[in-house]
Structures are given as structure tokens and as C-alpha cells.
1. Just give me the residues in the stretch 23-37 being surrounded by 18 or more Cβ atoms within 10 Å (Cβ to Cβ) and more than 23 Å from V236 (Cα to Cα), in sequence order.
2. Of the residues L273, L257, L279, which single one is of a type outside the set (D, E, K, R), more than 17 Å from M217 (Cβ to Cβ), free of Cβ contacts under 8 Å to residues at least 40 places away in the same chain and buried (at least 18 other Cβ atoms within 10 Å of the Cβ)?
3. Is there a residue being farther than 27 Å from V127 by Cβ, acidic (D, E) and not in a loop (DSSP other than H, G, I, E, B) anywhere in the stretch 67-77?
4. Might you let me know whether the stretch 119-129 holds any residue that is outside the structural domain of Q177 (by TED's automatic domain parsing), without any contact (Cβ under 8 Å) to a residue 40 or more places away in the chain and part of a helix (DSSP H, G or I)?
5. Within the stretch 277-297, take every residue that is in a loop (DSSP other than H, G, I, E, B) and closer than 18 Å to A202 by Cα and give me the one that is modelled with the highest pLDDT.
6. Check off (1) in a helix (DSSP H, G or I); (2) surrounded by fewer than 22 Cβ atoms within 10 Å (Cβ to Cβ) for G45 and give me the number that stays unchecked.
7. From the list L11, L40, which residue is within 24 Å of L237 (Cβ to Cβ), within 23 Å of the chain's Cα centre (by Cα) and in a loop (DSSP other than H, G, I, E, B)?
8. Would you confirm whether any residue within the stretch 240-257 is hydrophobic (A, V, I, L, M, F, W, C) and over 23 Å from G274 (Cβ atoms)?
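The values are calculated or read from the model by the stated rules, or taken from the named source; none is laboratory data. Nothing here was measured: the structure is a model prediction, and the numbers come from that model. Note that we place each Cβ from the backbone using ideal geometry, even for glycine, and neighbour counts take in every protein chain shown.
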Amino acid sequence: MNTTAVAVLGLGAMGLPMATRLAAKFSVHGFDISTDRMELASKAGIATFTSARDAVAGADALILAVRNGEQLNAVLFGDHGVAQHLKSGAVVILTSTVGLDAVPATAARLGELGVGLVDAPLSGGPVRAGEGDLLIVVGAEPEQLAKVRPVLDQLASTLSIVGDKPGDGQALKTVNQLLCGVHIAAAAEALALADQLGLDQATTLDALQAGAAGSFMLGNRGPRMLEAYTEEGAEVLSRLDIFVKDLGIVTTAARALHLATPVASAAEQLFLLGEAHGLAAADDSALIKVVAPETGN
């Protein structure tokens, strides 16, 4: 089957640039509860619909971004779920990090309807989504992946096939989020220490990035951490409470395997403290304010 029509539910910070990118090659159906986002989508050449069920009708693929397994189940199988309105042979592309537990059961229920599931959690922000520069890890049956490979290729600059069943993508993304969460926490501690030692944080950041201590998260989040103490704070590109969720997935998976993850667990506690301090909706670079509530300089 050649994928020609793609439905995108949710036209927010990531959904709209992905839909816009796909519209250059496919017929894209979009739905969002926000009329403003629907208007922006329409201007970008996306066919908008008044309901999610109408948007998925006739689509070859459905791109789905949800917060967690409960929301995944509700969107597909809840009172207003769309699964029954997908045509036989369609494929759901799950782009979210929801953890391993929810995916096999979801794949089985979709299979009963003749619908496939491609487990494809992604990394990258809105700008990269619009440029087709996302990093996507995929776990899927080869037949289902082949149906939607052109869609994924349009969105990703790096597409890693990590397994042949749904859930494998979630497994690798869980490992990925362990490292990302720990690296953000370590960057926050390092820059807070530099500040308390009387060092210029910007100079420190440049020096660290030039040596063995450098990392993607230090280079990406570090400049935003320097903005954390301003009145406006850093622009929210990735909410702090996303890592509350994701590190929770990490530590839950590790406990189920009786695997000790003391560093990830410590990072999880920092993010939980950030949430408790009212920073849930702030950029995750605000984690530095948990370590050092005020700048020392």
C-alpha cells in the first residue's frame, strides 16, 4: 500500500510543524481542539476537520502524539476513540514516549481491527520537526513499517530500526531518556557550582563544551540555564514535567527488572522537586533553580 493520506491529531508545538512538513508530499488531515491551531493548519495547506473521527476516516496512516499510556488508550478506544473509524490496513504511528507496558496491548487491540501499529518515539523540537530533521527509533513488524516508511523518512534525518515488534522503540527510548535526564541534571549541578564558585557561567559553559566534559544536553540546555534566573525565564522548548514522566518510566522499568539505577533515580528526584516547586510548566533547564534557587553572583 502506498501511503497517500496521513492524519495528524493534535496540531500543537510538534504536531503542526510535522503536519506541515508532511503536507509537502502527502494529503494531510488535521484536527485540534484549538480553533487558532486549526486556522494555522489550514493556511499551511492541511485539510482540517471538525472532529478527530472525521480526520482519521480514510487515512492510510495516523500520527499520534499523546502524554502517556492512559491517554493513548483514551484517544484510540475511549468514548470518543478513533480506532473504530480507521480503515482496515491503516497504520497508527505512535511518536510519544509512553513506556513499554501500554504498547503490546494497544497493538493487539488495533490488530483485531485490521490496523497496524508502528512504535516510533521521536526526539527533536518544533524547528527540527518542520525541517524533517527528527531522530526516530522504530519497533514494528516489517510489513507495517514498509507501509509508512515514506512518512517516517519525510520527518526524520536519522531513522533507527531497533526491533521488529511494537514496544522495541519504547525500550530504546527509555534508555535514551535515562541518559538525557541524567545529563540535564548533571549540567544543572555543574553550572550551579560554577556560579557559586564565582565563575562566569557563560565562560564556563564554553570551556566545558570544548573538552571531554561536553555533552549535547550541556550545550543545548546550558545556555537556557543561564536564562533561568531572569524574570521571563528561558523559552519553554521542553517542559520540566516531561522528564518527571520519562524518568518515572525509566525507574519503573528498571525496578521491574530488579536493576539498580541510582543515578537515574537521583535525577528523577530533582525533577520531582522542580515540579513541587511550581516549575512543572517551565523549560526543563529551570532544573538549575532546584539545585541553586538563587544565583550567587
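1. Scanning the stretch 23-37 gives A23, F26, V28, H29, G30, F31.
2. On inspection, the qualifying residue turns out to be L279.
3. yes
4. yes
5. Among them, the one singled out is A292.
6. (1)
7. Only one candidate qualifies: L11.
8. Checked against the condition, which is being hydrophobic (A, V, I, L, M, F, W, C) and over 23 Å from G274 (Cβ atoms), the stretch 240-257 yields at least one hit.
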